[in-house]
């Protein structure tokens, strides 16, 4: 019995294979969250099915760990919708709806919600000053002109 010596290079998964695995998991999770698969939906489920599916698809693309949690569970998207719409009364905010959906698949997970107002079409593009990290303060420049030096 010869024992083969293993090396890190020999047992490591190539990056392209990891990327493919990640993509496969994300795609499987997205397929599992299908608003068209809902049967016998109550009125609340009908209202939230499409937006919740879109939000969950986005979260799957952001986090492979979240996508993996969805693929590894036996629950259906319909069961998720039933759980998040149970006992909502007259209203439920968007953020609460998405938070309930995320916690249904991944207990303890939290979502962030950010709203920004854009007052014109020119505000739609993020200026570099908003997205870039602020630069350290530079020394204030002193403006000297030849006239100010000669005029004493």
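Here, each number is a calculation from the coordinates, and none is a lab measurement. Everything numeric in this text was worked out from a predicted model, so none of it was measured. In this analysis, Cβ positions are derived from the backbone assuming ideal geometry, glycine residues included, and neighbour counts consider all displayed protein chains.
Looking only at segment 84-108, how many residues end up being assigned to a helix (DSSP H, G or I) and surrounded by 14 or more Cβ atoms within 10 Å (Cβ to Cβ)? Before the answer, list the steps.
Step one: list which residues in segment 84-108 are assigned to a helix (DSSP H, G or I), which gives 84-85, 94-105.
Filter again for surrounded by 14 or more Cβ atoms within 10 Å (Cβ to Cβ), leaving 84-85, 97-105.
Adding up the residues that qualify gives 11.
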**Study point:** Single residue of segment 34-56 satisfying the filter (surrounded by 15 or more Cβ atoms within 10 Å (Cβ to Cβ) and under 21 Å from the mean Cα position of the chain (by Cα)) that is nearest to residue 109 (Cα to Cα)
**Key:** 56
